[in-house]
1. Could you check region 135-147 and list, in sequence order, the residues that are over 8 Å from the mean Cα position of the chain (by Cα) and in contact (Cβ under 8 Å) with a residue 60 or more places away in the chain?
2. What about F159, is it aromatic (F, W, Y) and either surrounded by fewer than 21 Cβ atoms within 10 Å (Cβ to Cβ) or part of a helix (DSSP H, G or I) (or both)?
3. Which residues, counting only those in region 165-196, are assigned to a loop (DSSP other than H, G, I, E, B) and out of contact with any Ser or Thr (no Cβ under 6 Å at 6 or more places or on another chain)?
4. Report whether or not Y82 is at pLDDT 95 or above, over 26 Å from R158 (Cα atoms), touching a His at 6+ places or on another chain (Cβ under 8 Å) and surrounded by fewer than 17 Cβ atoms within 10 Å (Cβ to Cβ).
5. Give me the residue from region 1-23 that is assigned to a loop (DSSP other than H, G, I, E, B) and among the acidic types (D, E) and, out of that set, modelled with the lowest pLDDT.
6. Looking at region 92-114, can you tell me whether even one residue there is outside any loop (DSSP other than H, G, I, E, B), surrounded by 16 or more Cβ atoms within 10 Å (Cβ to Cβ) and under 11 Å from the mean Cα position of the chain (by Cα)?
7. Mind checking which residues of region 10-34 are surrounded by fewer than 13 Cβ atoms within 10 Å (Cβ to Cβ) and of a type in the set (A, V, I, L, M, F, W, C)?
8. Out of curiosity, is A118 small (G, A, S) and surrounded by 15 or more Cβ atoms within 10 Å (Cβ to Cβ)?
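The values are calculated or read from the model by the stated rules, or taken from the named source; none is laboratory data. Model, not experiment: these values are computed from the prediction. We place every Cβ from the backbone using ideal geometry, glycine too, and count neighbours over all the protein chains shown.
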Amino acid sequence: MIDLFDADDGQTELSPEERKGLKPAYITYRSELNREEQENILKAERWLFARRLAAPDIVDQAFICQVHKRMYGDVWDWAGKYHRSDRNIGVDYYRIHPEMRVFIDNVRYWLEHRTYPADELAVRFHHRLVWIHPFPNGNGRLSRLLADRLVVSLGEPRFTWGRTNLLSASDVRARYVDGLRKADGHDLAALLAFARS
């Protein structure tokens with residue numbers, strides 16, 4: 001049996017204070033938590049794609065926080081709020097606000113000056129948001145969902161994020177993490193290919 005708060009492969013471990021933020025008192029197993037989060041994420045996804053949004057609407061700190069809250073707000077009381085302790089991934093917590101400002105300014109510049117093709121711009125957006133890792137958990141799922149919405153607003157279809165491959169979930173996850181690591185070293189090719197695979 002998996003402990004309720006054991007981090008799944010690739011998830012950020014929650015602090016003791018963040019664990020207390022679990023809203024539904026009836027959740028006792030990891031499978032129940034995963035199911036509640038997934039239902040909340042699907043509601044947020046329907047909300048996000050039902051809205052008419054231009055790319056600049058998506059590239060906004062308050063909007064990013066709002067989407068995270070919609071994705072996790074029924075499950076966690078910290079949903080939509082930046083984490084307040086250091087992690088083994090992402091920037092130090094006191095750097096989140098300035099890093100987010102720089103990130104938002106950069107993406108808006110890319111949009112305004114058409115610096116990159118739509119796929120590359122959205123994948124760069126995704127990578128940088130994951131790299132900052134502003135929230136206690138759900139950063140990858142949030143970043144992929146927002147990158148999907150961003151690329152759609154730029155006239156392209158949603159990304160598939162490895163779903164078209166006949167690979168196991170662990171193999172898909174390994175390809176994704178490999179793409180992120182290569183992007184950390186400024187090589188975006190693997191992550192771009194994965195986004196459309």
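1. Going through region 135-147, the residues over 8 Å from the mean Cα position of the chain (by Cα) turn out to be 135-137, 147.
Answer for region 135-147, where residues must be over 8 Å from the mean Cα position of the chain (by Cα) and in contact (Cβ under 8 Å) with a residue 60 or more places away in the chain: F135, P136, N137.
2. Numbers: aromatic (F, W, Y): yes; either surrounded by fewer than 21 Cβ atoms within 10 Å (Cβ to Cβ) or part of a helix (DSSP H, G or I) (or both): no.
Criteria not met by F159.
3. To start, the set of residues in region 165-196 that are assigned to a loop (DSSP other than H, G, I, E, B) comprises 165-168, 185-188, 196.
Listed by number, the residues that qualify are L166, L167, S168, G185, H186, D187, L188, R196.
4. Values: at pLDDT 95 or above: yes; over 26 Å from R158 (Cα atoms): yes; touching a His at 6+ places or on another chain (Cβ under 8 Å): yes; surrounded by fewer than 17 Cβ atoms within 10 Å (Cβ to Cβ): no.
Against the criterion (at pLDDT 95 or above, over 26 Å from R158 (Cα atoms), touching a His at 6+ places or on another chain (Cβ under 8 Å) and surrounded by fewer than 17 Cβ atoms within 10 Å (Cβ to Cβ)), Y82 does not qualify.
5. D9
6. The answer is no, given that none of the residues of region 92-114 is outside any loop (DSSP other than H, G, I, E, B), surrounded by 16 or more Cβ atoms within 10 Å (Cβ to Cβ) and under 11 Å from the mean Cα position of the chain (by Cα).
7. Result: A25, single match.
8. Numbers: small (G, A, S): yes; surrounded by 15 or more Cβ atoms within 10 Å (Cβ to Cβ): yes.
In short, yes.
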